[in-house]
1. Taking 7 Å along the Cα-to-C-beta vector as the label spot, tell me the residue 267-residue 353 distance in nanometres, rounded to one decimal.
2. Go through segment 409-457 and name the chymotrypsin sites (Phe, Trp or Tyr not before Pro) that are in a DSSP coil and have 16 or fewer other Cβ atoms within 10 Å of their Cβ.
3. With 10 angstrom as the radius, rank 186, 266, 162, 256 by how many other C-beta atoms surround their C-beta, starting from the fewest.
4. Going by amide H atoms built from the backbone, whose H comes under 5 Å of the H on residue 158, apart from near neighbours?
5. Mind giving me the nanometre distance, one decimal, between the label points for residue 461 and residue 340, set 7 Å out from Cα along Cα→Cβ?
6. Given a Förster distance of 45 angstrom, what is the FRET efficiency for residue 177 paired with residue 409, based on the Cβ-Cβ distance and rounded to 0.05?
7. By its C-alpha gyration tensor, with a ≥ b ≥ c as the square roots of the eigenvalues, how is the chain shaped: rounded for a/c under 1.5, else prolate for a/b larger than b/c, else oblate?
8. Which ³J(HN,Hα) values in Hz, rounded to whole numbers, follow from the phi angles of segment 443-453 under the Karplus curve 6.51 cos²θ - 1.76 cosθ + 1.60, where θ = phi - 60° and Gly and Pro get x?
Amino acid sequence: MNIFHLSMECFPVAKVGGLADVVGALPKYQNKFEGIRASVVMPWYNKPFVHNHDFEPVFNGFIHQGPNMLSVHVMKERSSVLGFDLYLVHIPGLLDRDNPYGYRDESYQFLAFQHAVLHWLTAMKIRPDVLHCHDYHTGLVPFMLQHCPEFSPLQGVKTIGTIHNGEYQGQMRWEMLDFFPWIDGTADLRILDWDGWINPLATMIKCCHAFNAVSGGYLEELFQSFKGLESLVRQEHAKAYGIINGIDTEVWDPATDDYLDVNYSTENAREGKWMNKVEICREYGLNPELPLVGFIGRFAGEKGADLLPDIIWQSIQQTYGALNIIVLGSGEKHTEHRLAELAAHYSNFALDLGYKEYLSHQIYASADFLLMPSRVEPCGLNQMYAMRYGTIPVVRYTGGLRDTVQDISSGGAGLNFGQASAEDAVHALKRAAHIYHDQELMNHLIQVNMNFNFSWHQSAENYLNLYRN
């Protein structure tokens, strides 16, 4: 079975969020199954990985996008160092940028990527068994296959759409239709429409052979809350699936992680975590004797990051400073400014603005608890990374967090809270601070969390079963 994953992100080539981690791991684990050949196709980026690896050209051509003729170059990484074939699509002036997102012509950019991929496959007579489209950025591919005569040799290729985050749907004005590949005159253009806009995510759901959300809990939520697409997902429920993400246990392994000051396993987890904690506390001026709570992520409303300043302030006040908090992330500027003010005022709160891969690993290894006050969490990978490293997740009970973190009161090894509010999160952190001083319970929770199996192997097999069906 020949599978092509189409995505704007893939770790370690270009990463903004969890999408990159998924696309960087899923095909590698799929390739461990006999008879499977999974590859990734993504845009070319001005990134260190691209410059530090050897690529060979496999296609040169042109596409017409409206009045513009664009030069298309497809390059393949020679060594398959990631565990799968990696193809980069390069279009000078469009798909040759520093970052995946943040450009005013994003719709045109994503459209060109999808057009270029299908043009390359058609011109080179490459016919995959499955085109796996990740999020709205590639959501128009199933429509193009069915309604653009240029790609008629690919008609019948199965398409799977994965919804990593339904908050983003890629709506574009109808003027953008001028830049689509030529559409068959008999095509019903209402397929592209949702509420008067071209909606790539809605189009993907309508046209793909099957689609999935990245957890069963998140799929359930989409039927009730989907930024206006609730009726559509109910209408298409027969081809909807929930498949929980996994984590790459070869990358995320405290026993071998090169980013850690001290490696450890279940046999010496408490000692190993303590030694890592001492180092990070020394670097950030924190007291290692206190419980350490970490937060890692984008400062965005869906992550509940706007609640962080109030959570931190109230937690420090209500515990009389009896815990440390470290935050790694960036995003909404008002949140950044408020957190910076708190960090300047409180010695037991450390802030590192931006994103550093090595520091995220160090926080997972050294923190006692990981806070995730998410309003929306389709799957969540951070809680799985934390558990793998023996860190106890403190999470809002939503989406994929419901599927992966059970509260200790229900026999689980995490802490849940119900509302995305500072008050609920602070109550959970006060519980955490109390648990921290019960050494026997802490040792038990560390062991239970580290023994959870969140490997991609089972999730990869679930995707393969979906393809076969």
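Laboratory data are not the source of any read-out in this text; all were calculated from the coordinates shown. A quick note: this is a predicted structure, and the numbers were derived from the prediction, not measured. Counting neighbours? That spans all protein chains shown, and the Cβs are built from the backbone with ideal geometry, glycine included.
1. Each label point is offset 7 Å from its Cα along the Cβ direction, giving 4.5 nm.
2. 452
3. By the 10 Å Cβ count, ascending: 186, 256, 266, 162.
4. Correct list: 131.
5. 5.0 nm
6. Result of the calculation: an efficiency of 0.25.
7. Taking the square roots of the gyration eigenvalues as a ≥ b ≥ c, the chain is prolate.
8. Taking θ as phi minus 60°, the curve returns 4, 5, 5, 4, 5, 4, 5, 5, 8, 5, 9 Hz for segment 443-453.
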